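Peer 1: Below is the structure I would like to discuss, written out as structure tokens.
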Amino acid sequence: METLLSIEDLAIDFDQGKRFVRALHGVSLTVARGEVLGVVGESGCGKSITWLAALGLLGSRARISGSVQLNGQEIAGAPENDLAGLRGGRIAMIFQDPSSSLNPVHRIGRQIVEALKLHRGMTGASADAEAARLLDRVGIANATRRLREYPHEMSGGMNQRIMIAMALAGEPDLLIADEPTTALDATIQAQILDLLTELRRDSGMALVLISHDLGVVADMSDRVAVMYGGRVIEEADTGSLFDSPAHPYTKGLIAALPDIDGPRRRLESIPGTVPAPDRLPPGCSFAPRCAIASKICDARMPAFLPYGESQSHFAACVKCRDEKPAESARLSGNKHVLVPA
Amino acid sequence: MVQYLLMKIFRALVTVTLIVSAAFVVLRLSGDPAIIILGPEAPPEAFEAFRRNWGLDQPIWVQYFKYFVAVAQGDLGNSMRDGRSALVVVGERIPLTLAITLPALFIKLAIGLPAGVVAALYRNTWVDRLIMMLSVAGFTVPSFVLGLVLAMIFAVWLGWLPSGGSDTWAHAVLPTVTMGLVGAAVIARFTRSAMLEVLGQPYIRTASAKGLLWRNVVRSHALPNAAIPTLTIIGFLVGSLVAGAVVVESVFSWPGVGRLLVNAVANRDLAVVQVILLLVGLTMVGANLAVDILYGIVDPRLRIKRLQAGS
Ligand SMILES: Nc1ncnc2c1ncn2[C@@H]1O[C@H](COP(=O)(O)OP(=O)(O)O)[C@@H](O)[C@H]1O
Ligand code: SF4
Ligand SMILES: [Mg+2]
């Protein structure tokens, strides 16, 4: 599969006045054309900042290093004008809280038309018609009337549909959906995920689906990256991740999933919390919460290495290979050459 | 919207009633005007006559009732000092006060709004620090001190401008600038925080994520939202156009409403003080009401919610 976006060794330091604090420690990820990449991890693991940084949306207090390539072209550190052209055009993004993500003083129509004008040069009646078509496309009835309304007149689910319509306005190759359903209740959540699936099938755009909930990404994603403490600690095809999770953190996330078919049982959530970026332990960042941690875990952060027979399963844990040695362990960690063909 | 407006108008009326009553209470209960106007050595018959003339011999609640009726009819009595209608006495000072407060309002807005916006946009840079330093200086230094310093520099040392009086336009410059600078400092600070609040909102990130250049994000998404809270403080400034100049008028001997108030209080000229208090109260209430109405127009969230089928 052709690589659409590749992030290579992305690191982010935040200016905290007196010092810089590293919140992202060399993350590498790729998204192939048309692929769905799920990104999971508890809150504070660095999921959002990874993609905000890729789009240059983190602001001046973040110092960013590493490489971000779109179709082989470097966009990290590109001039603001070039980046603005990509945002909403080639790469669109939607966010967690749809109602506060829309401007309260502008009508829905104006906010969508703004994107149409930017990326497709549409104005006037044709832009209005296209905006109505987009609302219709995301399942909003009475589109023409809705265009004249304000975000506060709509429910959260409707506003997320509007955010999606706005994202579609630029006909993007990649949609980054950052916790798109977290603020919504369960029924609406399912509807929005269905809508995303359907849109993706029709348009063939790639999707990065970010969630703290492994259950949300499980159904939709081709591949899942699990993040912890500002790093990707496991990455695999979705099937492989669920069949043979390598990292104790991933196992913990899976164990915490409610069983849909099986008998109701108590969820085993992972004890403890994600450490703050300036409180990371010296070795494996998961060690304080890891049931099988031992002395070697504290030596250094484990390398991100291939795991199992699959050429596309990687994990960063010194112990997982004791159980299931990987034949390809001596291959380089430069994994995006190993993306499934 | 209609309900919102009616509620605001009702609240304005209640406030006016309270102001009218407060004016009465404060003035009647704080000393015997007969003694102050006539002097303690005046003969008792003179006191009698004065009290009867002004109705001061009646029970307090009768006075209050009569006063209320009179105010409602627009009859605010005569100046106890020169016998002319108190309304006229105050009214002839209003243009003089406006002559300095209106240009000062312009200065406040013309400097304060852009300074606040720029400080917010360049948060934590030297630009922001400089603007905020000036702003803090501007509203920690009392306006009479700033007035005296400006008078010292431009009137005494440089001799460019007169330090007091009202004979020419030049006399208006120092009081206007003094008020303008102090007010600009307040507005800059307020605008900065309103703007910072807005810049941190998710919809600003959305606007950037959809591909707008930063200057357009600021222009069409940040500024319209930041303008809403800023209306409140602008309303407050408009409300104090008549009475906000007491200190500056005193410092520069500018014969406006503020100085009249100081003199009237000193002389216990009840009718005049009353008129000024009512005037101040009414302009404040009027400005507030105007702000509320504007809010209703500018902020879609306050417009009437259309009836509609759910989600
Ligand atoms: N603007 C910022 N300044 C400082 N720290 C930040 C900033 N944004 C995010 N962080 C920190 O970076 C870490 C990762 O944040 P984020 O990517 O938002 O987590 P999540 O995985 O929940 O999306 C968190 O610890 C957060 O506190
Ligand atoms: S490296 Fe050690 S502490 Fe870290 S996840 Fe593996 S076993 Fe646990
Ligand atoms: Mg997040």
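The values are calculated or read from the model by the stated rules, or taken from the named source; none is laboratory data. These figures come from a predicted structure and were not determined experimentally. Note that we place each Cβ from the backbone using ideal geometry, even for glycine, and neighbour counts take in every protein chain shown.
Peer 1: Take the stretch B:168-179 and flag every residue that is surrounded by fewer than 23 Cβ atoms within 10 Å (Cβ to Cβ) and in contact (Cβ under 8 Å) with a residue 60 or more places away in the chain. Lay out the reasoning, then the answer.
Peer 2: Within the stretch B:168-179, the subset surrounded by fewer than 23 Cβ atoms within 10 Å (Cβ to Cβ) is B:168-173, B:177.
The answer is B:HIS171, B:ALA172, B:VAL177.
Peer 1: If you don't mind, there's one more thing I want to ask. For the stretch B:213-222, how many residues meet the condition of being within 20 Å of A:ARG107 (Cβ to Cβ), facing another protein chain (nearest Cβ under 10 Å) and surrounded by fewer than 20 Cβ atoms within 10 Å (Cβ to Cβ)?
Peer 2: Final tally of qualifying residues: 2.
Peer 1: Here is a check on your reading of the model: is B:LEU241 in a helix (DSSP H, G or I) and out of contact with any Asp or Glu (no Cβ under 8 Å at 6 or more places or on another chain)?
Peer 2: Against the criterion (in a helix (DSSP H, G or I) and out of contact with any Asp or Glu (no Cβ under 8 Å at 6 or more places or on another chain)), B:LEU241 does not qualify.
Peer 1: Taking the stretch B:103-162 on its own, how many of its residues are part of a helix (DSSP H, G or I) and of a type in the set (Lys, Arg)?
Peer 2: Of the residues in that region, 2 qualify.
Peer 1: Next up: So, in the stretch A:296-316, of the ones that are part of a loop (DSSP other than H, G, I, E, B), under 22 Å from the mean Cα position of the chain (by Cα) and surrounded by 21 or more Cβ atoms within 10 Å (Cβ to Cβ), which residue ends up farthest from ligand 2 (Cβ to nearest atom)?
Peer 2: If we take residues in the stretch A:296-316 being part of a loop (DSSP other than H, G, I, E, B), under 22 Å from the mean Cα position of the chain (by Cα) and surrounded by 21 or more Cβ atoms within 10 Å (Cβ to Cβ), then A:HIS313 is farthest from ligand 2 (Cβ to nearest atom).
Peer 1: Applying the selection to the stretch A:66-89, what residues are more than 13 Å from A:GLY56 (Cα to Cα) and out of contact with any helix residue (DSSP H, G or I) (no Cβ under 9 Å at 6 or more places or on another chain)?
Peer 2: A:ASN71, A:GLY72, A:GLN73
Peer 1: So, in the stretch B:58-102, exactly how many residues are surrounded by fewer than 14 Cβ atoms within 10 Å (Cβ to Cβ), assigned to a helix (DSSP H, G or I) and in contact with a strand residue (DSSP E or B) (Cβ under 7 Å, 6 or more places away or on another chain)?
Peer 2: Within the stretch B:58-102, residues that are surrounded by fewer than 14 Cβ atoms within 10 Å (Cβ to Cβ), assigned to a helix (DSSP H, G or I) and in contact with a strand residue (DSSP E or B) (Cβ under 7 Å, 6 or more places away or on another chain) number 0.
Peer 1: Also: Testing A:GLY121 on (1) under 27 Å from the mean Cα position of the chain (by Cα); (2) modelled with pLDDT under 95; (3) within 13 Å of chain B (Cβ to nearest Cβ), one condition comes back false. Which one is that?
Peer 2: (1)
Peer 1: Here's something else I'd like to know. Among the residues of the stretch B:267-300, write down those that are closer than 28 Å to B:LEU231 by Cα, in a helix (DSSP H, G or I) and over 16 Å from the mean Cα position of the chain (by Cα). Write out each step before concluding.
Peer 2: Kept after step one, since they are closer than 28 Å to B:LEU231 by Cα, are these residues of the stretch B:267-300: B:275-300.
So of that shortlist, the ones also in a helix (DSSP H, G or I) come out as B:275-298, B:300.
Within the stretch B:267-300, B:ASP292, B:ILE293, B:LEU294, B:TYR295, B:GLY296, B:ILE297, B:VAL298, B:PRO300 qualify.
Peer 1: Any residue that is outside any loop (DSSP other than H, G, I, E, B), surrounded by 20 or more Cβ atoms within 10 Å (Cβ to Cβ) and either within 12 Å of chain A (Cβ to nearest Cβ) or basic (Lys, Arg) (or both) - is there at least one of those in the stretch B:182-193? Break it down stepwise before answering.
Peer 2: Narrowing the stretch B:182-193 to residues outside any loop (DSSP other than H, G, I, E, B): B:182-193.
Those still in the list that are surrounded by 20 or more Cβ atoms within 10 Å (Cβ to Cβ) too: B:182-185, B:187-192.
Next, from what is left, pick out any that are either within 12 Å of chain A (Cβ to nearest Cβ) or basic (Lys, Arg) (or both): B:189, B:192.
Checked the stretch B:182-193: at least one residue is outside any loop (DSSP other than H, G, I, E, B), surrounded by 20 or more Cβ atoms within 10 Å (Cβ to Cβ) and either within 12 Å of chain A (Cβ to nearest Cβ) or basic (Lys, Arg) (or both).
Peer 1: Within the stretch B:223-252, how many residues are over 8 Å from the mean Cα position of the chain (by Cα) and not charged (D, E, K, R)?
Peer 2: Here the count works out to 20.
Peer 1: Further, regarding this structure: For the stretch B:146-166, state whether one or more residues are touching a residue at least 40 places away in the same chain (Cβ under 8 Å) and either within 30 Å of B:ARG219 (Cα to Cα) or of a type in the set (D, E, K, R) (or both).
Peer 2: Checking the stretch B:146-166: not a single residue is touching a residue at least 40 places away in the same chain (Cβ under 8 Å) and either within 30 Å of B:ARG219 (Cα to Cα) or of a type in the set (D, E, K, R) (or both).
Peer 1: From the list A:SER294, A:SER310, which one is more than 16 Å from ligand 1 (Cβ to nearest atom), touching a strand residue (DSSP E or B) at 6+ places or on another chain (Cβ under 9 Å) and either among the polar types (S, T, N, Q) or within 14 Å of chain B (Cβ to nearest Cβ) (or both)?
Peer 2: Sole residue among the options that is more than 16 Å from ligand 1 (Cβ to nearest atom), touching a strand residue (DSSP E or B) at 6+ places or on another chain (Cβ under 9 Å) and either among the polar types (S, T, N, Q) or within 14 Å of chain B (Cβ to nearest Cβ) (or both): A:SER310.
Peer 1: Sort out which residues of the stretch A:274-291 are farther than 19 Å from A:SER244 by Cα, away from ligand 1 (no atom under 16 Å from the Cβ) and assigned to a loop (DSSP other than H, G, I, E, B), and write them in order of number.
Peer 2: A:PRO282, A:GLY283, A:CYS284
Peer 1: Counting only residues that are within 14 Å of another protein chain (Cβ to nearest Cβ) and either aliphatic (A, V, I, L, M) or free of Cβ contacts under 8 Å to residues at least 40 places away in the same chain (or both), give me the helices (runs of 4 or more DSSP H) lying completely in the stretch A:156-233 with at least 2 of them.
Peer 2: Working: elements: A:156-168, A:186-203, A:214-220.
Here the list reads A:156-168, A:186-203.
Peer 1: For the stretch B:227-236, does any single residue satisfy the condition of being part of a helix (DSSP H, G or I), in contact with a His (Cβ under 9 Å, 6 or more places away or on another chain) and within 14 Å of another protein chain (Cβ to nearest Cβ)?
Peer 2: Scanning the stretch B:227-236 turns up no residue that is part of a helix (DSSP H, G or I), in contact with a His (Cβ under 9 Å, 6 or more places away or on another chain) and within 14 Å of another protein chain (Cβ to nearest Cβ).
Peer 1: If B:LYS210 satisfies all but one of (1) surrounded by fewer than 22 Cβ atoms within 10 Å (Cβ to Cβ); (2) within 14 Å of chain A (Cβ to nearest Cβ); (3) basic (Lys, Arg), what's the number of the condition it fails?
Peer 2: (1)
Peer 1: Being touching a residue at least 40 places away in the same chain (Cβ under 8 Å) and within 8 Å of chain B (Cβ to nearest Cβ) is the filter here, so list the residues in the stretch A:145-154 that pass it.
Peer 2: A:GLU149, A:TYR150, A:HIS152, A:MET154
Peer 1: Among the residues in the stretch A:36-56, are any of a type in the set (Lys, Arg), within 16 Å of ligand 1 (Cβ to nearest atom) and assigned by TED's automatic domain parsing to the domain that holds A:HIS212?
Peer 2: yes
Peer 1: Where the second residue is of a type in the set (Lys, Arg) and in a helix (DSSP H, G or I) and the first is within 12 Å of ligand 3 (Cβ to nearest atom) and lies in the stretch A:48-69, which pairs have Cβ atoms under 9 Å and are six or more apart or on separate chains?
Peer 2: A:LEU52/B:ARG205
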